[in-house]
Structures are given as structure tokens and as C-alpha cells.
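Computed from the coordinates by the stated procedures, all read-outs in this text should not be read as laboratory data. Remember, it's a predicted structure, so these values are computed and weren't measured experimentally. All Cβ positions, glycine included, derive from the backbone under ideal geometry; neighbour counts span all protein chains shown.
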Amino acid sequence: MQVLILFLLVTSCASPRKMIDRGRYDEAISALVSKLAGKKKRDRDRVVLLETAFRKAQERDLNKEASIRKEDGEDKWERLLALYRGIEHRQDLVEGLLPLVATDGYQASFRFIHTGEIVKESRKKSAEHYYQTAQLLLRESESTSDKTAARKALDFLNKIDPLFSDFRDKEVLKRQAHRLGTDHYLLRISNKTEHILPFRVEEELHRFGLDELNSAWSSFDARPDPGVEYDYWIQLDFLQMEFSPERESSRVFDEVVEKEEEETETDANGKVLKDSLGKPVVHKVVRRYPATMEETTQSKSVLVTGRLSFIRARSEEIAWTKPVSVEGVFENRYGRLIKGDSRHLSDAAKKLTHAKALPFPSNEVLLLDAAERLKKRVKEMIRQQSQ
């Protein structure tokens, strides 16, 4: 039994010991703290292993700190801050076990590093580095119109937030970075057809609802904003509008509806037959009901074709262009029963008999329908192209 207990103790310590041998001190500390926490009886081997892993981890990080402080890299203070945060986390883990005394009376000793002032210095220096880097990138963006630089500047400014909620004028610089880094798009509509666009149609086309396409670095306007310098024009040119004439066409068709119905049986004299209970004898039969219908179709349509282009505002160079077309359609079907029983028509035929002829829509109404379809199509094209 004693041999078994000793074996279990040795194997349970084997993993943390291997971690220490391989330099994975913090993993060993986490594993050992987990095994020792909340235990009244604490094995000496584990206590000593924790003491060893902690000492080696602290020595390693102090050496690393001295090495980083000698460097001149831009991320020097960022790396130091990460190092100190790791030390703090390690010390917090162990502090919860103190005083750490083994079952045999052995008391572990841990050398803690006071990180308060060091972390404070690192936070300030890191924030200062992020701030100055952002300033340089913003100046570059402003002088060269490089939007990527402005977007990187915002990334650096956002790194200050976990360190300081209020640091210099970082919020002002964030707004500047967003302004310089955003691509601004203006939709312009041009009618190059022989038709005059009705006022209602033109107004509908300007209600594109492009706001839903806005993203972190893209802003879309359907009407010009005097305070915005646009990077791209989204040019929508109407090239052709073809209106079909008002048409009515008719066709005559036959249909047969089959229905299963119950029929009362009679004898040769026409008397109703009854069963043993005195009820009429019935059987099921399939009856066919033929009918002749006339269907009339009213139709009118408009085909609108055009071209959507992305144009660089400064150079007026076409960055992308693609044709676009939509159709506004009016179609109405109604009918009448020529021959047959209206009670025994199919559902489709009944629907035709209940429908009525409608007045043909004006060209303006058709264009409004086409405009609604066009907006959906164009918005999807813009979404795909601006991603």
C-alpha cells in the first residue's frame, strides 16, 4: 500500500517536473497551484517544485527585463508591460496559497517583485509610444492622402484605451484618423435616354438608403454633402428605356375536373336500397366535369438599361464598370366560363373568373416599379464592389 502511494505521488509530480526541466515554468506553476489549492495536506515534493518553478520564472523574467531595457526598439515598453503583467499574474497565483507549509512542516519561500511603479512607468511609456506613432501616421496620411496610414493610426490609438481611458487628446486624434481613413462615395445619377424622368421617379431613385452600406471605413451618400471631399463617384447612367405597348391576348382552353362523390343505390324500380340497419346503401363514384374557359392576359412593361461605374474622384479614372438592367412589369389575368358548371371548376379557373380587367398603368407607374427593382440591384452591386 505504501509503495502504491509513493508511486502515485511520484507520477503526479512528474508532469510539472518535466515542465520545469523544459523551461515551461508558468505552466508548471499553474498545474501545481491547482493541485495544492484548498488542500489541508500538502505534499513536500509539490511545495518544493512550486518554489523552484517560481524562482526560475522570476529569474528568467528579471534577466529578460534587463535585456529589453537595453534595446531601442519601438515596442520596448509594450514588451516590458506584457512582461510585468505576466509577473503580476504569477505572483497572484502563488500569493493565494501563502503561507505555504508542507505536511512535514517545510515552509516555502517566495521572492516577490514590487511591480506597481514599474507597471505604471511601462503603461505611461507604452501609451506615449502609441500616441506618437499615431501622430506620425496621421501626418503621413494628411500629406500623402494615404488612408492605410490613418487606419493604422487608429489601431495604435485604440491600444491606449486599456491603459488609460483619458490620455491627452487621443479621442480628437481618433476622429481625425477616422476622417482621413474613410473612403467616401457619392452616388450620381445621369439620364442619357431620350425620355424625361418624372419627378416622382427621380425622387425615388435618390432614396437609395445607402446608409446600410456604411462600414468602419466606407461612407456612402446618395446626395452630396458640402463638407465631404469624396474619393469615389458611383456613377449610374441610364442609357435606354423601352416601353412596350399595352397588350391584351386571349386563349380558350378546356379542363376536366374529376371528383369522387357518393351515390345512393336503387333497385330496378328506382327505389332506394337499404342495409340491415335500415340505412341507404351508398357507393363512391368518380364524376368528370368538363369546362371551357377563356383567359385574357393584360401586359405592359418597361426595360431600363444602364451602366454602373466607380470613378476615382481626383483623377476621374474609371476603377470599375458594369452594365445593369431591370424590368418593370404589369401583368393581369382574368377569365370567363364559356361552357360548363361554375361550381365544379378547378381552383385556378375559379381564380380567373373572380379576377377583373384592370386599367393599364401609366409609364410613370411602371418606371417607379423599375426604380424599386433597380435600387435593390445597384445596392447589391455596390456592396460587392466596395468590400
Exercise for the section: Give the peptides 272-285, 308-321, 88-101 in descending order of average Cβ contacts within 10 Å, highest first. Expected result: 88-101, 308-321, 272-285
Problem - Pairwise Lys count, region 2-113 - Cα closer than 28 Å, eight or more residues apart or different chains - result: 14
Handout entry: Taking region 2-113 and dividing mean pair separation by its residue count, relative contact order in percent (alpha carbons under 8 Å, at least six apart)
Key = 30
Handout entry: Backbone HN-Hα couplings from phi across region 115-121 [Karplus 6.51/-1.76/1.60, Hz, Gly and Pro as x]
Key = 9, x, 5, 5, 5, 4, 5
Practice task
Report, in degrees rounded to the nearest 10, the 0 to 90 angle that the Cα long axis of helix 147-160 makes with the longest principal axis of the chain.
Solution key: 50
Practice task
Just report the Cα centroid separation between region 249-287 and region 31-84, whole Å.
Solution key: 94
Exercise for the section: State the Kirkwood hydrodynamic radius of the chain in Å, one decimal place, computed from all pairs of distinct Cα atoms. Expected result: 30.9
Handout entry: Mean shadow area of region 122-181, taken as a quarter of the surface of its Cα convex hull (nm²)
Key = 3.3
Handout entry: Summed residue charge, Cβ within 14 Å of Asn332's Cβ, Lys/Arg positive, Asp/Glu negative
Key = 0
Exercise for the section: For n ≥ 4 DSSP H runs only, could you compute -39500 (n - 2.57) per run for the chain, divide by its residues and tell me the 222 nm figure to the nearest 500? Expected result: -15000 deg cm²/dmol
Completion exercise
Exposure proxy check on His206, His114, His344: fewest-to-most Cβ neighbours within 10 Å is His114, His206, His344
Problem - Convex hull of Cα atoms in region 243-386, direction-averaged projection (nm²) - result: 16.3
Practice task
Would you mind checking the tilt of helix 363-386 against the longest principal axis of the Cα atoms of the chain, expressed as 0 to 90 degrees and rounded to 10?
Solution key: 20
Practice task
With springs only between Cα atoms under 10 Å apart, run a GNM on the chain and tell me which of Tyr232, Tyr289, Tyr185 wobbles the most.
Solution key: Tyr289
Problem - Binned Cα-Cα distances of region 289-364, short to long, each 10 Å bin given as a whole percent - result: 15, 26, 18, 15, 11, 9, 4, 1
Handout entry: Rotationally averaged projected area of region 2-113 (alpha carbon convex hull; nm²)
Key = 7.5
Practice task
Please give the helix 170-181 orientation as an angle from the longest Cα principal axis of the chain, in degrees from 0 to 90, rounded to the nearest 10.
Solution key: 50
Practice task
Please find the FRET efficiency linking Lys125 to Glu171, where r is the Cβ-Cβ separation and R0 is fixed at 25 Å, and quote it to the nearest 0.05.
Solution key: 0.75
Practice task
Just order 152-162, 251-261 by mean Cβ neighbour count inside 10 Å, highest at the front, would you?
Solution key: 152-162, 251-261
Handout entry: Cut-off under 5 Å, modelled amide H: who pairs with Thr182 long-range
Key = none
Practice task
Hey, can you grab everything whose amide H is under 5 Å from the amide H of Ala102? Only 5+ residues off in sequence or another chain; H modelled, so Pro and N-termini drop out.
Solution key: Gln107, Ala108
